[in-house]
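Let me begin by presenting the structure, written as C-alpha cells, before commenting on it.
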Amino acid sequence: MTARTRNTLNFLSKLRFSRVWNMLLVYLSFYLTKTFKKPIQLGMPFSIAFEPTTSCNLRCPECPSGLRSFTRATGMLEERFFKKTIDELHRELTYLTFYFQGEPYLHKNFLDMVQYAVGKNIYTATSTNGHYLNDSICQKTIASGLDRLIISIDGTTQETYQQYRVGGQLEKVIEGAKNIVSWKKKLNAKTPYIIFQFLVVKPNEHQIDELKLLAKEIGVDEVILKTAQVYDYVYGNELIPTKEKYSRYKINTDGTYSIKNTLANNCWKLWHSCVITWDGKVVPCCFDKDAQHQLGDLQTHNFTEIWNNKLYRDFRTKLVKGRKEIDICTNCSEGCEVNFNYEF
C-alpha cells in the first residue's frame with residue numbers, strides 16, 4: 001500500500017454520519033448557488049484554518065508575516081479559546097489546518113492543540129518552514145497524531161533557497177526533514193504524511209528535478225510544486241517563472257501580465273471553509289492575509305451565529321454578483337491554479 005493510499009484511508013476514517021451529511025449539505029448549497037446565481041448556504045464549513053501565530057523567523061518577500069507589514073493585531077493563539085471553538089465545531093468539522101500566517105512551531109503549545117483536535121477525530125494538517133524540526137519536536141509531532149506535515153523547501157542550494165526564503169537555512173530544513181522521517185520510522189508511526197512543498201519561482205524553477213531526487217533520497221511521501229502568488233505582477237515580476245505552466249499569470253500581447261483566473265462569480269472556498277485568526281476573527285479565506293474582510297469575532301459570538309450573520313450573507317451576495325469587485329479575489333488562485341504532485 002502506498003503512503004498516499006494510507007493517507008487517504010486515514011482521512012476517510014475520520015468520517016462519520018454527521019460529517020458526511022454536513023458535506024452533502026455544503027456541496028448541495030454550493031451547486032444550488034451556481035445554478036440560481038443566488039447565495040444559498042446549507043450546513044457548516046467542514047474545513048477550517050486556525051492561525052497559531054503571526055510570528056515568523058523568516059522574511060519572505062511576498063508574505064505579510066515575513067515583511068512585518070500587518071495592519072491587524074499580531075500575537076499567539078490562546079489554547080483555551082482554541083479548545084472552546086473546536087468543541088463547538090467538531091461534529092461537522094473534518095479537516096483542520098493549523099496555519100494561516102506565521103510559523104506554527106513558534107507557538108509553544110501548538111502540538112498540544114493538534115493533539116486536542118486529533119482527540120476529536122479531526123484530520124489535522126500544518127505547514128512549516130522546517131527550521132524547528134529537532135529530535136524533541138519531531139517526537140512530539142508524531143506523538144501528537146498530526147496527520148499531514150507540509151515542509152516548505154524552495155530550493156536545493158542555499159544560494160537559490162535564500163532568494164525567496166530570506167533569512168532561512170536550507171541545511172536546517174533538510175536536517176529537519178530527515179529527523180521527522182527518521183522518527184516516524186523509529187516509532188513505526190503511520191502519520192504524519194510528509195510533503196515537500198516547492199513554491200515555483202523564477203530563481204528556483206531550474207531545480208525542480210533536483211528537488212524530486214532530494215525528496216526521494218530523504219524519504220518524504222510526496223512533492224507538491226505550488227504556483228506562487230505575487231502582488232505586483234502587471235508589468236512583470238522577478239519571481240514569475242519563465243515556464244508558464246508553473247505560473248498563475250500569463251503574458252499578454254502587449255507585454256503585460258494578467259492572472260489566468262477568469263474570476264467566475266462563484267468560490268468553493270467560501271462555501272466549505274474559512275479562516276480563524278489567532279485572536280478569533282473569522283475571515284473568508286487564506287487570501288485575506290491582513291484580515292480586511294472580518295465577518296465576525298468568536299470572542300463575542302459563537303461560530304454558528306457568525307456563519308449565518310448579515311456580514312457573511314452580504315459577502316456571499318457580493319461574490320455571486322461580481323467577484324472581480326472584491327479585492328482579495330482579484331489575485332486568487334481558485335479557477336487557475338494547478339499544483340503538480342509527485343508521490344514516492
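General observations
- On the chain, 52 percent of the accessible area sits on carbon and sulfur atoms, based on a 1.4 Å probe.
- Global size of segment 43-126: 13.4, 39 Å for Rg and Dmax (C-alpha atoms, Rg to one decimal, Dmax whole).
- In plain terms, the bigger the Kirkwood radius, the slower the diffusion; for segment 158-253, with that radius from Cα pairs, at 20 °C and 1.002 mPa s, Stokes-Einstein puts D at 143 µm²/s.
- A 1.4 Å probe run over segment 281-344, with the rest of the protein chains in place, finds 49 Å² accessible per residue.
- Isotropic mean projected area of the C-alpha convex hull, the chain (nm²): 17.0
- Spin-label pair Lys324-Ile251: with each label point 7 Å from Cα along the Cα-Cβ axis, the two points sit 2.4 nm from one another.
- Of all DSSP beta bridges confined to the chain, the antiparallel ones make up roughly 30%.
- Here is how the number arises for the chain: DSSP H runs of 4 or more residues each give -39500 (n - 2.57), the sum is divided by the residue count, and the result at 222 nm is -10500 deg cm²/dmol.
- Per residue Cα convex hull volume in Å³ - calculated over segment 217-295: 184
- Of interest is the spacing of the C-alpha centroids, which for segment 201-277 and segment 46-103 amounts to 22 Å.
- Percentage, to the nearest whole number, of Cα pairs in segment 135-210 over 14 Å apart: 61
- Cα convex hull, segment 233-344: 150 Å³ per residue, rounded to a whole number.
- Solvent-free Debye scattering, log10 I(q)/I(0), computed from the Cα coordinates of segment 47-182 at q = 0.15, 0.20 Å⁻¹: -0.74, -1.20
- Relative contact order, percent, the chain [alpha-carbon distance under 8 Å, six or more residues apart]: 18
- Taking N as its residue count, the alpha carbon Rg of segment 36-85 over 2.2 N^0.38 Å: 1.66
- Kirkwood Rh (inverse of mean 1/r, distinct Cα pairs), segment 171-325, angstrom: 19.1
The values are calculated or read from the model by the stated rules, or taken from the named source; none is laboratory data. Note that the structure is predicted; figures quoted are calculated from it, not measured. All Cβ positions, even for glycine, are placed from backbone atoms using ideal geometry, and neighbour counts span all protein chains on display. The area values use the complete protein model at the heavy-atom level, side chains included, leaving out ligands, DNA and RNA. Shrake-Rupley method; radii C 1.70, N 1.55, O 1.52, S 1.80 Å.
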